1. Take the range 202-226 and flag every residue that is more than 26 Å from the chain's Cα centre (by Cα), of a type outside the set (S, T, N, Q) and closer than 27 Å to residue 154 by Cα.
2. What number goes with the only condition from (1) assigned to a helix (DSSP H, G or I); (2) in contact with a Phe, Trp or Tyr (Cβ under 8 Å, 6 or more places away or on another chain); (3) of a type outside the set (Phe, Trp, Tyr) that residue 311 does not pass?
3. Can we say residue 440 is in contact with a helix residue (DSSP H, G or I) (Cβ under 6 Å, 6 or more places away or on another chain) and either acidic (Asp, Glu) or at pLDDT below 90 (or both)?
4. Out of (1) over 23 Å from residue 230 (Cβ atoms); (2) of a type in the set (Gly, Ala, Ser); (3) not in a strand (DSSP E or B), the odd one out for residue 295 is which?
5. On the given criteria, is residue 350 more than 30 Å from residue 155 (Cα to Cα) and in contact (Cβ under 8 Å) with a residue 24 or more places away in the chain?
6. Within the group 387, 410, 402, 352, which residue is touching a Cys at 6+ places or on another chain (Cβ under 9 Å) and at negative phi?
7. Residue 280 is checked against (1) assigned to a helix (DSSP H, G or I); (2) within 28 Å of the chain's Cα centre (by Cα) and fails just one. What number does that condition carry?
Amino acid sequence: MINKVKRFISEHQMVQAGDCIIIGVSGGPDSMVLLHIMKELRAVLGIKIVAAHLNHKIRAEAGEEEEYVRETCRQWDVPFYVRREEVLEAAARYKKTVEEAGRDARYQFFSKLMTDLSAQHIATAHHRDDVAETVLLHLLRGSGIKGLRGIMPVSGSIIRPLMALDRAAVLSYAENNEIKYCTDQSNNDPLYLRNRIRLQLLPLLQEQYNPRISDTLNQLAAIARDENQVMEQLVYNDWPLLVKETRDNLISLDYSAFSLLLPGLQRRIIIHALSLLAGETGWSMEDINIIMDLATRPGSSRVVYLKKGVKVNKSYRLLVFSTFIPQCPEFSYPVEVPGKITIKETGEVYSFDLTERINVRDPDAIYLDYDKMGPLQLRSRHPGDVFFPYGMGGKKKLKKYFIDLKIPAFERNRVPLLASGPDIYAVLGYRIASLAATDAHTSRIIVIKKEVGDKIIK
């Protein structure tokens, strides 16, 4: 079974020798098996692994699960990192479901850890049955080809080695290797649609319609992945021919050229425009159809208003997408060390401290070489900003970096930069720059933490 996972990692070019991999470990069977397999493979693959555990502080057992994962990592000689997050409080504050808030907290933690450790990948424990569940979930919601891809084996920096196995194989591996794991009873709660799909719909389809339904749905996902790549290539080819103007809060397309495209490609172009302007998530088929109706109906000067503050109008020869959410004003604050800054424009609070030695790195903090810096300021972006992302090699335009991260245009002014004039030392919340990275010669370290009010986020 280990060899099967090893082949899958190789087929999808998930890692290279020398890579550092952050493994998300909840303590459940899937993540414990993933951790064990990657532990067994680390020498063969020439990689370094670390475990990351988010304590959601929801269930009474959360503390015990954290300690179990910590102790297992000690026994298996795997570095262990933990963050404790009030997920219920975050869900209420940001008006998200508990599942969304938990997922966001996990990936924020993993991304922060990636930056701190200069890691290359995050490994999660999704397997083939998770793919089957996701395909059915998206099918029930009326998804297109993109949704039918299910879960990707590789998605940016995220890798999923266990997609070589199904749930039965994972549990068998745990039993054969005497791997203990924690059980989350909420996974059996029929209140959640995904649970009903796993516990009711998939067994029904397997028993009465197709004994190999999971394999069939995984095959569908693989086909959808290939065909989605074709559609994305078509969008990539046609986009420069369609765009007449692009700004932070506006994209205008050549309506005549747009109207000649097939409907399927028109929808993809619309999705691409919305994603660039206001983020990739949250758009429904209803939103797309409203814009399609606007674009294909005779007459000009029609306007529709959508979620996320997006306005779309057809004006003469143009199809114009714009945001009417007020942009965050520019800001700039001088940094005193030690000290604390409240960014009035965003409500965020950052603390700055100086130390000569770090015994244990806090995954919620940023550490930089203070002596490599000039007079510091905490500021918003400027036109033409460039920086040198640590671990990525070379310089990058900040605007292009934000686009690659899929940060909506109207949110980019909110991202604080630690800088000295044009030199950017950190894009806070995302990545430090190589200009001020610590090294063996560092003698003074500046420690930066984001706070909420007077309480540091944990």
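The values are calculated or read from the model by the stated rules, or taken from the named source; none is laboratory data. Predicted model, so just to flag it, every value in this text is computed and none were measured. Note that we place each Cβ from the backbone using ideal geometry, even for glycine, and neighbour counts take in every protein chain shown.
1. 202, 212, 213, 215
2. Residue 311 satisfies every listed condition except (1).
3. Criteria not met by residue 440.
4. Result: residue 295 passes all but (1).
5. Here the answer is yes, as residue 350 does meet what is asked.
6. One residue alone meets the criteria, 410.
7. (1)
Okay, residues lined up against (1) outside the structural domain of residue 59 (by TED's automatic domain parsing); (2) under 30 Å from residue 438 (Cα atoms); (3) in contact with an Asp or Glu (Cβ under 6 Å, 6 or more places away or on another chain); (4) not aliphatic (A, V, I, L, M):
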site	(1), (2), (3), (4)
91	no, no, no, no
96	no, no, no, yes
100	no, no, no, yes
105	no, yes, yes, no
118	no, yes, no, yes
123	no, yes, no, no
145	no, no, yes, no
